[in-house]
Amino acid sequence: MTREIERAGGEVSFREFMELALYHPTHGYYTGGGTPWGRSGDYLTAPTASAWYGRTVGRLIGDLTAGIGRQVELVDLAAGNGAFLAAVLDQLGEEGATRVLARVVAVERSPARRAEIRDRLGRPAVPLTVVEGVIPAAGPAVVHASELYDSMPVHRVESGPAGPLELTVRSRGDRLEWGSRPAGSAVLDYLAEHGIELADGQIAELNPAAEPFHRTVLEAAGEGVALVLDYGYPAARLYDPRGRRHGSLATYRRHERGADPLADPGERDLTAHVNLDDLRRAAANTGWREIALLPLAELLVRAGLGRLVDEAGLGIEAEPGAEVFRARQEIKRLVDPEGMGSDLKMLVQARGELGERLEAILRLDTVRTTGASETP
């Protein structure tokens, strides 16, 4: 990593450093050959914590398309190793997948992961397209993204007496150190557009690329439903110095949170919370609308997780045993109010008739959909 920075003049923005650390073609954390997620990895996502997440979304897609006589394309962004898609297809079964899905699209930046997805899914009952970038959908789409936006490279800024400073990373021999320089127009414009006023000495992470990327995603989908699962808050909450004076940037390795973002680049995860207003603005600018912002646990319950559990014979009357216990533990992890069940939020956006049907399925007339945004 130090050689890459030296080639760039010895100093790069933190955004450029994060891009190298996560997505360098050879040494990047996500693009290398390792498996960062899962119990034996560095962190858990909902799809890798349990197949019950993908199964529940699969059930939701089946309910969503029932009775309207239209298939949908299922688009999974940052598809990883294909765990989510495998669970969805398993839930639908061959007959259900053929009836419900026109095509499955796995969007994954890593060549190694794309090969893994093809191996894992094999030849499903519906057409499978595995691509590096977003492509247009041929019909209504269900777009899914799990912890994609919090892994996008961010600018890191600090408020100083003379105005915002952009934090940089410098190469000093075989080590890395922090630097700073006056913030450029991309940072200043972002702060102004979102009305963000940083307190003296406050550090924050900004992602000007999130809104245009999400706009591209929604434009490619055309119409349908977008399910975005991530860690994030609206700008007013995310940049409140009373809660995040030092920003939200974190590192993870072997399920432990680290304090030094410059340590072991390419060998640990880097993540920063999402400004949900970026995704909301993208929807507003493309004719999509927000229909819900819910904690993961509530979304899963409304989508039919309880019915799936009962149908699988895992309810309270199930005979105790290792398999029952294991399944219940996985489900508990997904809905844990002290963990991802509360911390992860599902932003649901829609355009067209599928949105109205999804509102009915999730019974959104019984929830104040902005409530989740106020959760600390």
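Pick out, from 28, 142, 89, the residue whose Cα sits farthest towards the positive end of the charge dipole of the range 1-153, with +1 on the Cβ of Lys and Arg and -1 on the Cβ of Asp and Glu.
Of the listed residues, the answer is 89.
Roughly how many debye, to the nearest 20, is the charge dipole of the range 162-222 about its Cα centre, given +1 on each Lys and Arg Cβ, -1 on each Asp and Glu Cβ, and no other charges?
300 debye
So what's the back-of-envelope 222 nm ellipticity for the chain, counting only DSSP H runs of four-plus at -39500 (n - 2.57) apiece and dividing by all residues, rounded to 500?
-10500 deg cm²/dmol
Report, by chain and number, residues whose modeled amide H sits under 5 Å from the one on residue 258, excluding near sequence neighbours (fewer than 5 apart, same chain).
Residues meeting the criterion, in which the H sits 1.01 Å from N, are 251, 252, 253.
Determine the dipole magnitude for the range 152-196: charges of +1 sit on the beta-carbon of Lys and Arg, -1 on that of Asp and Glu, nothing else is charged, the reference point is the Cα centre, and the result goes in debye to the nearest 20.
220 debye
Under 5 Å between amide hydrogens, which residues at least 5 positions from residue 226 or on another chain qualify, with H placed 1.01 Å from N in the peptide plane?
143, 349, 350
Which shape class, rounded, prolate or oblate, goes with the range 168-323 when its Cα gyration tensor gives a ≥ b ≥ c as root eigenvalues, a/c under 1.5 marks rounded, and past that a/b bigger than b/c marks prolate?
Since a/c reaches 1.5 but b/c is at least a/b, the shape of the range 168-323 is classed as oblate.
For each of 88, 228, 100, count neighbouring Cβ atoms within 10 Å of the residue's Cβ, then give the residues from fewest to most.
100, 228, 88
Quick check on the chain: what are the equivalent-ellipsoid semi-axes from the Cα gyration tensor, as sqrt(5λ), descending, whole Å?
They are 35, 23, 21 Å, listed from largest to smallest.
Using unit Cβ charges (K, R positive; D, E negative) and no other charged atoms, how large, in debye to the nearest 20, is the dipole of the chain about its Cα centre?
320 debye
Set the Förster radius R0 to 41 Å, insert the Cβ-Cβ distance between residue 68 and residue 257 as r into 1/(1 + (r/R0)^6), and round the FRET efficiency to 0.05.
0.40
Once Lys and Arg get +1 and Asp and Glu get -1 on their Cβ, which of 344, 362, 318 lies farthest toward the positive end of the dipole of the range 245-366?
344
Quick one: check the C-alpha center-to-center distance for the range 304-333 versus the range 122-154, whole angstrom.
Rounded to whole Å, the Cα centres lie 30 Å apart.
What are the residues whose amide H is under 5 Å from the amide H of residue 180, where those residues sit 5 or more places off or on another chain and H is modelled from the backbone?
Excluding prolines and chain starts, which carry no amide H, the hits are 168.
Where does each of 157-164, 220-227 land if you order them by average Cβ count within 10 Å, highest first?
220-227, 157-164
State the answer as a single residue: which of 265, 275, 243 lies farthest towards the positive end of the charge dipole of the range 178-286, with beta carbon charges of +1 for Lys and Arg and -1 for Asp and Glu, about the Cα centre.
The one lying farthest along the dipole's positive direction is 243.
Ordered by packing density, taken as the mean number of other Cβ atoms within 10 Å over each peptide's residues, highest first, how do 340-350, 354-364, 323-333 rank?
Result, highest mean first: 340-350, 354-364, 323-333.
No value in this document is a laboratory result; all are computed from the given coordinates. Note that this is a predicted model, so its numbers are computed, not measured. Cβ sites come from the backbone with ideal geometry, for glycine too, and all protein chains shown count toward neighbours.
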